[in-house]
Amino acid sequence: MTSMRYTREHEWIRVDGEIGTVGITDYAQEQLGDVVFVELPEVGRQVVKGDEVAVVESVKAASEVYAPVSGDVTETNEKLAEEPATVNSAPTAEGWFFKMRITASAELDDLMDTATYKDYVDSLD
Amino acid sequence: MTEAAATQALKRTPLYDLHRKLGAKLVPFAGYEMPLQYDGILAEHRHCRNQAVLFDVSHMGMALLRGDDVAGALETLVVGDIRSLGAGRLRYTLMTNESGGIVDDLMVINGGYYVVLVVNAARKDHDFALIRERIGDRIDIDVWSDRALLALQGPAAASVLARFVPASRHMLFMTMEALKVGDIRCGITRSGYTGEDGFEIAVAGEHAAELADMILGEPEVMPAGLGARDTLRLEAGLCLYGQDLDETTTPVEAGLGWTIGRRRREEGGFPGDEIILRQMAEGPKRKRVGIVLQGKVPARAGATITDRWGKDLGRITSGGFGPTVEAPIAMGYVNPDHANENALVSAVVRGQSLPGRVVSLPFVPHRYAT
């Protein structure tokens with residue numbers, strides 16, 4: 001069973017067992033504009049919730065992506081090197097950033113579910 | 001101040017409602033609520049290089065100067081040769097301070113019995129106050145606060161505008177004419193800040209939306225925001241005041257010595273003339289250069305520029321991804337010994353040294369009307 005969780009900084013994590021897939025939300029890509037480069041973490045890196053793990057460079061500016069929960073990076077989306085604009089066109093699908101083995105699953109409880117995140121985004125406009 | 005209060009204090013241009021209607025993403029810029037983008041910076045940038053785009057640049061400062069010797073009075077403030085500027089012509093020039101630093105970069109348009117200045121939005125209050133203080137006894141200044149300025153830019157600009165104003169097709173680069181677009185009286189210059197052919201059109205604020213609608217109704221034209229304006233001017237190697245130019249940067253350092261006409265070099269008579277002319281003779285301590293980086297990571301303003309061995313050479317003042325160049329590009333200031341073409345330099349981004357090289361500006365060749 002998978003479930004989506006969201007941070008206030010507009011990362012999403014799709015949880016499937018102990019593996020989480022992380023990316024940025026549609027709201028985030030919309031705010032960033034055209035993405036031209038994504039700097040991804042090294043596979044094997046241990047991250048703590050809130051660590052800066054990736055950087056998205058858009059035509060406008062650079063923005064950091066933070067680890068939504070603690071864990072180990074197991075895989076990165078190599079396709080983003082060739083097609084960074086995938087982050088704009090499919091932010092919650094093919095535009096994922098990295099996968100991680102979640103080591104502190106209790107931290108997921110602090111994140112928003114889909115309905116709560118939608119309300120949060122609506123409150124920002 | 002809360003965000004809402006800050007937004008309320010922002011000024012709006014006569015095209016504000018149109019921006020909203022077109023779905024622009026609006027951002028604060030120089031005290032105005034301005035469109036950053038409509039469809040997206042990349043799409044707007046490419047459309048300007050391939051077809052034509054329309055920018056709202058009404059936030060820029062415009063003022064009309066009258067007097068017996070406006071050119072002579074202006075020459076006490078700017079480095080350019082204004083006396084030789086013929087009626088119907090315009091010239092890019094710089095206001096300087098006593099230290100030789102650049103106070104603003106601006107366009108001077110000779111309308112015949114008047115002169116129009118177009119200055120940077122963030123500097124307009126400063127510039128017009130300075131003009132009143134220094135030469136207010138020699139000229140009358142009328143600041144245009146109710147006027148809009150539109151920039152139609154791109155290789156299709158001339159054919160688009162000619163549908164409404166046939167005479168515009170024959171305008172030369174850096175000339176101005178008072179013409180009617182339909183029934184709307186406009187001051188049109190063949191100029192711009194994208195490196196492409198195009199026009200800037202001054203119009204009364206009340207007619208601005210009608211004019212913009214007419215031009216945007218043409219199939220070649222899409223609206224473009226400040227985001228694309230920035231990537232286009234960077235590729236064209238053009239300076240942005242506050243980033244590439246400021247009060248501590250001289251025209252010589254900025255590579256803008258060409259704006260100082262021959263007579264002005266001989267006579268001086270502008271603020272900081274001794275310092276600037278000495279730098280022209282002896283060479284500056286730093287020079288503005290263009291840099292292309294390897295790889296895909298852009299280096300932004302503020303990044304350190306080093307030589308291959310990590311020695312600090314200067315700072316990047318404008319940088320980003322060049323959509324037409326399809327590479328990270330930047331402008332910055334370096335020691336003159338690293339300012340030659342193909343000098344190997346690096347930019348430091350997030351602790352990493354990104355290799356690149358100095359290139360001659362512009363990054364994308366200018367395609368002005370000839």
Return the distance in nm (one decimal) between the two label points of a simple spin-label model at B:Lys311 and B:Glu98, each offset 7 Å from Cα along Cα→Cβ.
3.6
Taking the chain alone as reference and the full protein assembly as comparison, with a 1.4 Å probe on protein heavy atoms only, the residues of the range A:60-84 that lose at least 30 Å² of accessible area are A:Lys60
Kindly provide the pair-distance distribution of the range A:2-106 built from C-alpha pairs, with 5 Å bins from 0 and whole-percent values in order of increasing distance.
3, 15, 27, 27, 18, 8, 2, 0
Rank B:Lys21, A:Lys118 by accessible area, highest first, at a 1.4 Å probe radius?
B:Lys21, A:Lys118
Cα-Cα P(r), the range B:220-361, percent of pairs per 5 Å interval
2, 10, 19, 20, 17, 13, 9, 6, 3, 1
Reduced Cα scattering model of the range B:1-137, Debye log10 I(q)/I(0), q = 0.12 Å⁻¹
-0.63
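First compute the accessible area of the protein assembly as shown with a 1.4 Å probe, then give the percent of it belonging to carbon and sulfur atoms.
Values: 10400 of 21730 Å².
It is 48 percent, rounded to a whole number.
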How about A:Lys49: which lysines have a C-alpha closer than 26 Å to its C-alpha, ignoring those fewer than 8 places off in the same chain?
A:Lys79, A:Lys99, A:Lys118
Quick one: what are the phi-derived ³J(HN,Hα) couplings along the range B:127-135, Karplus 6.51/-1.76/1.60 with θ = phi - 60°, whole Hz, x for glycine and proline?
4, 6, 5, 5, 4, 4, 5, 7, 10
Taking the chain alone as reference and the full protein assembly as comparison, with a 1.4 Å probe on protein heavy atoms only, the residues of the range B:307-354 that lose at least 30 Å² of accessible area are B:Phe321, B:Arg350
Count the net charge of all other residues whose Cβ sits under 12 Å from the Cβ of B:Leu15, scoring Lys and Arg as +1 and Asp and Glu as -1.
-2
Near the amide H of B:Leu354, under 5 Å away, which other amide H atoms are found, from residues 5 or more places off or on another chain, if H is placed in the peptide plane?
B:Ala347, B:Val348, B:Val349
What number results when the radius of gyration of the protein assembly as shown, computed over Cα atoms, is divided by 2.2 N^0.38 Å?
1.08
Tell me the per residue accessible area of chain B using a 1.4 Å probe; a whole number in Å² is fine.
42
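Charges at C-beta only: +1 for Lys and Arg, -1 for Asp and Glu. How large is the resulting dipole of the range A:22-115 about its Cα centre, in Debye rounded to 20?
Numbers: 6 positive and 19 negative charges, 21 e Å.
Dipole about the Cα centre, nearest 20: 100 debye.
I need the GluC sites (Glu not before Pro) found in the range B:282-363, filtered to DSSP loop residues with at most 13 other beta carbons within 10 Å of theirs. Could you put the intermediate results ahead of the total?
Numbers: sites: B:Glu282, B:Glu326, B:Glu341; in loops: B:Glu326, B:Glu341.
Filter output for the range B:282-363: B:Glu326, B:Glu341.
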Can you give the net charge of the other residues whose Cβ lies under 11 Å from the Cβ of B:Leu277, counting K and R as +1 and D and E as -1?
-2
Which value, in Å³ per residue, describes the convex hull spanned by the Cα atoms of the range B:66-134?
81
Given +1 on the Cβ of Lys and Arg, -1 on the Cβ of Asp and Glu, and no further charges, what dipole in debye does the range B:229-370 carry about its Cα centre, rounded to the nearest 20?
300
Total charge dipole magnitude, the protein assembly as shown, about the Cα centre, Cβ charges on Lys, Arg, Asp, Glu only, Debye to nearest 20:
1500
Summed buried accessible area for A+B [probe radius 1.4 Å, Å², rounded to 100]
1300
Based on alpha-carbon centroids, what's the gap between the range B:214-280 and the range B:310-370 in Å, whole number please?
17
Keeping every protein chain present and rolling a 1.4 Å probe, give me the accessible area per residue for the range A:2-106 in Å².
44
Nearest 5 is fine: what % of DSSP beta bridges in the protein assembly as shown come out antiparallel, could you say?
95
What list of ³J(HN,Hα) couplings, whole Hz, do you get for the range B:282-287 from phi and the Karplus terms 6.51, -1.76, 1.60, once you set θ to phi - 60° and write x for glycine and proline?
9, x, x, 7, 8, 9
Quick one: Karplus J couplings for the range B:270-276, per residue in order, coefficients 6.51, -1.76, 1.60, θ = phi - 60°, nearest Hz, x for Gly and Pro?
10, x, x, 4, 4, 5, 5
Pull up all non-local amide H partners of B:Arg147: gap of 5 or more, or a different chain, and H-to-H distance under 5 Å with H placed in the peptide plane.
B:Gly205
Euclidean distance of C-alpha centroids, the range B:16-90 and the range A:100-125, integer Å
43
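The values are calculated or read from the model by the stated rules, or taken from the named source; none is laboratory data. Since the structure is predicted, the reported quantities are computational estimates derived from the model, not experimental observations. Note that each Cβ is placed from the backbone with ideal geometry, even for glycine, and that neighbours are counted across all protein chains shown. Note: accessible area is taken over every heavy atom of the protein model, side chains too, but ligands, DNA and RNA are not part of it. Shrake-Rupley method; radii C 1.70, N 1.55, O 1.52, S 1.80 Å.
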